[in-house]
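Below is one structure; the comments refer to it alone.
Please treat every number below as a calculation from the coordinates, not as lab data. Since this is a predicted model, take the numbers as computed values, not measurements. Quick reminder, even Gly has a Cβ in these numbers, built from the backbone with ideal geometry, and neighbours come from all protein chains shown.
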Amino acid sequence: MQTCTLSNQNVIARTFASDLEYCKNFSRRLKGLSFNYAVPGNIEANKQNCIVYDCPEFNITSLKQFESSYHYYSIYARIFPTENMTCIPKEGIYMFSEERLNYTNAILKCEKYGGKLVNINTEESTNRATNVITKSKMNKNKLLMAYAGLNDISQEGKFITVNDEPLNCASFRSWAPGEPKSKYSNEDCVTIDSMRYWRVQQCNKTFPYICEIIPSGPLNLTQAYCTNMEDEGE
């Protein structure tokens, strides 16, 4: 366990913060995913004590820059991201899993990791999901599909997102030619592919999947560690 350290992530801004809340709000405005903060008085006068980063640390052991005055905070403090997770700077953390699961089990596995199936109802979110797929080790210049958070299980043709938002409330679509189709029963669950297309699949079919991790901070590193230890003891 390491404390009193500076992050090695890319710095997007620095400022003087009168208190932790100011630093937290400053980071939020800039879409920072983590930050370092030092209490005024513990460092040189007028020194910038709030440092904002575009991504969180994926490995707490990488926090090697000892700095006794600073504490590290992350909006993903309740999880320690794994090597399967990808940070899209100033956007969030996503996980592409090569494990092939049906739609229901993919939802449950994302929840286990502290997330949900990736939302794709905007051009930006579709581009992010495609970016995660193309960065995966499975992407070997072939079409790769993964489950996303979109389905019409409740009512045929009425697609809803993982956040229970009707797709017809959004203007963006990225259906593959001929989609959305409904040739077979249970063809209600959507995959996104490495060509940026959405496709409807039978929900009992197994595919890789993409999780969008839900923020849970900011907590400092010590609080995050203790929280995880408590969760493991339950």
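What the table shows:
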item: Over 23 Å (Cα to Cα) - which of Lys112/Lys183; Lys158/Lys181; Lys109/Lys158 fall in this group; result: Lys112/Lys183; Lys109/Lys158
item: Segment Phe58-Met195, extension gain: residue separation times 0.36 nm, minus the distance between their alpha carbons; result: 46.5 nm
item: Local electrostatic count, Val118, Cβ distance below 10 Å [Lys/Arg +1, Asp/Glu -1]; result: +1
item: Net charge of neighbours whose Cβ lies under 13 Å from the Cβ of Cys50, counting Lys and Arg as +1 and Asp and Glu as -1; result: +3
item: Separation in nanometres of the label points that stand 7 Å from Cα toward Cβ, at Asn10 and Trp175; result: 3.6
item: Virtual paramagnetic centre 7 Å along Cα→Cβ of Asn204, amide N under 19 Å, in the range 163-187; result: 182-187
item: Simple spin-label estimate for Glu44 and Glu111 in nanometres, 7 Å along Cα-Cβ; result: 5.2
item: Under 5 Å, built H, 5+ apart or other chain: amide partners of Asn8; result: none
item: For the range 5-11, 3J(HN,Hα) per residue [Karplus equation, 6.51 cos²θ - 1.76 cosθ + 1.60, θ = phi - 60°, Hz, x = Gly/Pro]; result: 9, 9, 6, 9, 6, 5, 7
item: Sequence of Phe58, Phe172, Phe207 once ranked by neighbouring C-beta atoms within 10 Å, starting from the fewest; result: Phe172, Phe58, Phe207
